[in-house]
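Data first, discussion second: the structure below is written as structure tokens.
The values are calculated or read from the model by the stated rules, or taken from the named source; none is laboratory data. Treat the numbers as computed from the prediction; the structure is a model and nothing was measured. Note that we place each Cβ from the backbone using ideal geometry, even for glycine, and neighbour counts take in every protein chain shown. Note: areas computed on protein heavy atoms with side chains; ligands, DNA, RNA excluded. Shrake-Rupley method; radii C 1.70, N 1.55, O 1.52, S 1.80 Å.
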Amino acid sequence: MAPPPHLPVQCSKTKTLQGFGSLLGYLPFLLTLLIGGGIVICYCMAVAYGHVEAAFPYISDTGTFPPESCVFTLFLNCAAVVALAIFTLKYLHVVQYNRQCSPAVTRINTAALITGYIAAFGIMVVGAFQETNVLAVHVAGAMMAFIGGTVYMFLIASLGFRQDVNFGVDERQYAKARLAMAILSAISFIISMTTSCVAWYQWVPHDPESRSLLWNKRDKVPWKRSLNLYGYNVHLVATAFEWVMALDLLAFLMTFSQELHIIQLQVVLSRISVISGEESYKRSLLRQMIL
């Protein structure tokens with residue numbers, strides 16, 4: 001019998017490395033450290049350089065001007081990558097424990113993953129496009145981050161009330177708290193957006209040359225005297241609730257720690273070699289002779 005043509009045949013060898021264990025449970029803490037630490041550093045730098053008011057500036061304002069804008073972008077990009085990992089792991093966790101293959105759980109889980117990715121991408125956009133340079137893109141990124149994050153919170157909170165799926169941990173103990181945090185985020189977003197628009201329209205007619213809500217930057221007046229400026233009181237309400245939204249989202253993701261602790265990941269290395277068709281044919285004959 002003639003051997004077959006010399007066609008390449010692939011054979012692979014795999015090796016499994018040790019998994020990551022429960023270290024994944026610390027990802028929410030790492031995300032909090034990156035965002036919280038980055039914002040605090042940028043805030044201190046921006047106040048020291050006189051770029052923002054000390055009382056509740058917008059989070060984005062703390063990273064608008066260099067050199068703090070460089071630090072702001074670096075920390076937000078790193079945080080977005082960690083957030084993507086958390087959203088993906090949470091999605092895989094739900095998939096793993098959706099034994100009954102509930103269509104409703106699958107749809108909610110997929111929608112949550114998509115909105116989480118949108119929020120993470122929005123974080124990158126906010127860090128890359130400063131409001132004084134490309135305001136429209138910056139605002140679009142902020143909307144993706146906050147709206148996407150809020151929708152994600154509602155979707156994940158709804159999974160905790162499902163009675164047809166066992167997620168490996170008692171998520172129902174978190175369900176009410178997560179729902180409360182999602183509602184707080186939605187209310188904070190509405191208040192922040194409403195008061196921000198009011199403050200803008202109250203203040204801009206009196207300072208038409210300004211491009212942002214950085215009150216008193218040019219006059220170098222202590223921030224307490226800014227209380228007499230048009231729209232500043234309303235502006236403080238908007239910025240305060242923006243900080244509430246950010247802290248609320250971080251607190252929400254911190255509740256993932258227990259679920260991520262039970263996830264085990266393994267790295268599989270695969271080596272692929274290419275052999276000729278003749279060699280493959282000889283090996284098959286040898287196996288037949290042995291059998």
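Considering only segment 129-146, state which residues are surrounded by fewer than 18 Cβ atoms within 10 Å (Cβ to Cβ) and touching a residue at least 24 places away in the same chain (Cβ under 8 Å). Answer for segment 129-146, where residues must be surrounded by fewer than 18 Cβ atoms within 10 Å (Cβ to Cβ) and touching a residue at least 24 places away in the same chain (Cβ under 8 Å): 132, 135. Of the listed requirements (1) open to solvent by 50 Å² or more (accessible area, probe 1.4 Å); (2) out of contact with any Gly (no Cβ under 7 Å at 6 or more places or on another chain); (3) modelled with pLDDT under 90, residue 6 misses just one: (2). Of the candidates 117, 49, the single residue that is in contact (Cβ under 8 Å) with a residue 12 or more places away in the chain and within 19 Å of residue 248 (Cα to Cα) is 117. Here the condition is being part of a loop (DSSP other than H, G, I, E, B) and either open to solvent by 50 Å² or more (accessible area, probe 1.4 Å) or at pLDDT below 90 (or both); of 55, 46, it holds for 55 alone.
Being surrounded by fewer than 22 Cβ atoms within 10 Å (Cβ to Cβ), of a type in the set (Phe, Trp, Tyr) and either closer than 23 Å to residue 193 by Cα or in contact with a strand residue (DSSP E or B) (Cβ under 9 Å, 6 or more places away or on another chain) (or both) holds for only one residue in 29, 72, 121, and it is 121. The criterion of being farther than 23 Å from residue 158 by Cα and without any contact (Cβ under 8 Å) to a residue 12 or more places away in the chain holds for residue 66.
Every condition in (1) modelled with pLDDT of 90 or more; (2) closer than 24 Å to residue 244 by Cα is met by residue 60 except one, and the failing one is (1).
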